[in-house]
Each structure stands twice: as C-alpha cells, then as structure tokens.
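Report on one structure; see the data block that follows.
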Amino acid sequence: MDEIRVSPDYNWFRSTVPLKRIIVDDDDSKVWSLYDAGPKSIRCPIIFLPPVSGTAEVFFQQVLALTGWGYRVISLQYPVYWDLLEFCDGFRKLLDHLQLDKVHLFGASLGGFLAQKFAEFTHKSPRVHSLILCNSFSDTSIFNQTWTANSFWMMPAFLLKKIVLGNFSKGPVDPKMADAIDFMVDRLESLNQSELASRLTLNCQNSYVEPHKIKDVAVTIIDVFDRSALSLEAKEEMYKLYPNARRAHLKTGGNFPYLCRSAEVNLYIQIHLRQFHGTRYAAITPDMVLAEELEVQQISMSHSEPCSG
C-alpha cells in the first residue's frame, strides 16, 4: 500500500519544505522538530500539533494547501515531556524562540488537548488567539487509563504501539481512509519507546481543561460522523465546554480526516481563519486575501451538499 508515501504531493512536500530541529530547554535531548512554511512576515501563524501516533509530516497536505494561499503554517512534533506543565513551558519557550507573540493552534486528538492546556496555561498573558480542535477531547479520564499512566515509561515499545493501534479503525474503510491508516502506522513505527510512552502519559494522566480560562479564544470543533477513537460522550462534552464554538462536521473521515479528507478539512481551516483577515492576527499575507476568499466561496458552494469525500 503506502500510497501516501509515494504520492507526488508528499514527495514534493519532503523535497521543498525543510525540517528544522530546535532545542529550547536546558536539556539538549529535548528537540522540537518542525516545518515552517509560508511568509515569515506573518507574526500569527497557524501551528499544527499531531496526535499520539503522528509526526510533523502528518499535516503535509495542510502545509501545501494553506501556504499556496499565502498562509504561514508551522507543523511540529514535540519532544519527550512527561507532564503537561513541562510541555506547556517548553512550547512557550519555542514560541519565544520563534518570536511569535500569538498563534492559532490546530490540534488533532492529543494535539488538541495539548493546545487547550497551553491556552489555559498562558491565559494570564495569552499566546493562543484561536483553536481548531479535530477529533479532540477535554478530559483524559475518558480513556479509563489514568491508573496506568504512571507505568507507560517502563513498557516496551511494541506494547505501547499495540495500545495505540487498538484505537485505529477496524473493519472495512474506503481506500483513502485505508491509505491514511497505513501512513499513520508508518509514522507510529518511526517513534521510539520514550516518545510513545511520554505521549501516552500526557494523553492519559489525570487532567481536564478549565474552560473559564480560555473563554475568550475563538474555537472551531472538527468532528467526523463515522467511527473514530472518540466516544459520543467525549464529543458531547466538548460541545458543552465550548457552547459558542463553530462546529464543522465531516460525514466520514475516521481518526485522520486531515489526511483522507484534506480538501474538506482545509476548507474548514480557511473558514475559521477568515475571521482574522485584516487584523494583526491574520495568518495570511494581505495581498493574497481576495484570491483566497473567492476560492473558499467556490469550494463552499460545491460542498453545500454534504459529501462523503
């Protein structure tokens, strides 16, 4: 299979967007890996945070599409952090290093939870201007793993991979979803024991989002209607937490809609970011706004019938 890995888009991405490695902590084993594409003049870019199984590459289709429209996009992979405060402190240092005051965050699953916790962590001196939460959650207790969270660090890598793969879709899926799962399995294989153990620890240690601290942040929630690792209860909880959030629904897409339904996800990202056009928090260069808005209108009209992609 491995259709995505041999696709022209993926190879174009790998050959044109350099991977940067940045150390911001005193511990030089903590390396942030990131792709930073689009105009560097933009001071409030959109930053993508991957799920447990993902690396910075999993958002390559968002990077290619959005930078084509004049957006600055950063897709990153976090180093090994064992608790949320440590992650948030490291992420703040990374933004300082990149000289970014405010950012828009797109987080998938664990990435979305970390994005919310970071918005909460910096609420007194806000660094997050808006959030797009894709198949994400607000309370780790939904995984019923809080009691094992402290033992992930000593489990062998094959066992950790088995835990993660247990959440991947079983049964028949369409070819694009099958390709997305294959690609994510490949990305999962590239993670070492401590990377996986630390992510699972962050995913499952007892914690929840305090919404009153981030009530001023604009939020879009992207969900799928077909099967994903998230329970209906977890989704309902997110809606309750963010009653004013925009909701973007995909009929299908499974756990990784940004890979297998990228055109629809990219459209929702553009619609979310349009509310900041013309402000200092725009993630797009001003001279690209008109062309991009016309394109969004055309795509919106062609998507007005919900499509299953």
**OP:** May I ask you to verify whether I47 is among the β-branched types (V, I, T), out of contact with any Pro (no Cβ under 8 Å at 6 or more places or on another chain) and crowded, with 22+ Cβ neighbours inside 10 Å?
**Re:** yes
**OP:** Provide a single number: the residues in region 156-200 that are of a type in the set (D, E, K, R), touching a residue at least 24 places away in the same chain (Cβ under 8 Å) and either touching a strand residue (DSSP E or B) at 6+ places or on another chain (Cβ under 9 Å) or closer than 27 Å to K30 by Cα (or both).
**Re:** 6
**OP:** Read through the list (1) open to solvent by 10 Å² or more (accessible area, probe 1.4 Å); (2) more than 22 Å from S194 (Cα to Cα); (3) part of a helix (DSSP H, G or I), then give the number of the only condition that F59 fails.
**Re:** (1)
Original post:
Taking region 273-288, which residues are farther than 20 Å from L133 by Cα, assigned to a loop (DSSP other than H, G, I, E, B), open to solvent by 60 Å² or more (accessible area, probe 1.4 Å) and in contact (Cβ under 8 Å) with a residue 24 or more places away in the chain?
Top reply: R280
**OP:** Of all residues in region 83-104, count the ones that are in a helix (DSSP H, G or I), touching a residue at least 60 places away in the same chain (Cβ under 8 Å) and buried (at least 16 other Cβ atoms within 10 Å of the Cβ).
**Re:** 5
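For (1) assigned to a helix (DSSP H, G or I); (2) crowded, with 17+ Cβ neighbours inside 10 Å, each residue gets a yes or a no:
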position: V185; (1), (2): yes, no
position: L188; (1), (2): yes, yes
position: T201; (1), (2): yes, yes
position: V219; (1), (2): no, yes
position: I222; (1), (2): no, yes
position: L230; (1), (2): no, yes
position: I269; (1), (2): yes, yes
Original post:
If you take the residues in region 203-217 that are open to solvent by 50 Å² or more (accessible area, probe 1.4 Å) and part of a loop (DSSP other than H, G, I, E, B), which one is nearest to S130 (Cα to Cα)?
Top reply: D216
Subject >> Test: V80 is modelled with pLDDT of 95 or more, β-branched (V, I, T) and under 28 Å from I181 (Cα atoms) >> reply: yes
Original post:
Taking only pairs six or more apart or across chains, which ones have beta-carbon atoms under 9 Å, a first residue in region 20-34 that is part of a strand (DSSP E or B), and a second residue that is of a type in the set (D, E) and open to solvent by less than 20 Å² (accessible area, probe 1.4 Å)?
Top reply: K20/D36
Original post:
Could you count how many residues in region 3-25 are under 23 Å from D174 (Cβ atoms), open to solvent by 70 Å² or more (accessible area, probe 1.4 Å) and in contact with a helix residue (DSSP H, G or I) (Cβ under 9 Å, 6 or more places away or on another chain)?
Top reply: 3
Subject >> Index of the failed condition, S151 passing every other in (1) more than 25 Å from A245 (Cα to Cα); (2) buried (at least 18 other Cβ atoms within 10 Å of the Cβ); (3) without any contact (Cβ under 8 Å) to a residue 40 or more places away in the chain >> reply: (2)
Original post:
Is it the case that L196 is surrounded by 20 or more Cβ atoms within 10 Å (Cβ to Cβ), at pLDDT 90 or above and under 15 Å from P51 (Cβ atoms)?
Top reply: yes
Original post:
When you go through G107, G38, G111 one by one, which is the residue that is open to solvent by 10 Å² or more (accessible area, probe 1.4 Å) and at pLDDT 95 or above?
Top reply: G38
Original post:
What number of residues in region 158-183 are over 19 Å from the mean Cα position of the chain (by Cα), in a helix (DSSP H, G or I) and surrounded by fewer than 16 Cβ atoms within 10 Å (Cβ to Cβ)?
Top reply: 4
**OP:** Determine the pairs where a residue that is touching a residue at least 24 places away in the same chain (Cβ under 8 Å), located within region 57-76, has a partner that is part of a helix (DSSP H, G or I) and of a type in the set (G, A, S) with Cβ atoms under 6 Å apart, the partner being 6 or more residues away or on another chain.
**Re:** Q61/S262; S75/A56; L76/A56
Original post:
Could we say that S130 is among the hydroxyl-bearing types (S, T, Y) and assigned to a helix (DSSP H, G or I) here?
Top reply: no
**OP:** Filter region 101-129 down to residues that are of a type in the set (F, W, Y) and within 14 Å of the chain's Cα centre (by Cα) and give me whichever is nearest to T201 (Cα to Cα).
**Re:** F113
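The values are calculated or read from the model by the stated rules, or taken from the named source; none is laboratory data. What you see is a predicted model; the values in this text were computed from it and never measured. With ideal geometry, Cβ positions are generated from the backbone for all residues, glycine too; neighbour counts draw on all protein chains shown. These area figures cover heavy atoms from the full protein model, side chains too; ligands, DNA and RNA do not enter into them. Shrake-Rupley method; radii C 1.70, N 1.55, O 1.52, S 1.80 Å.
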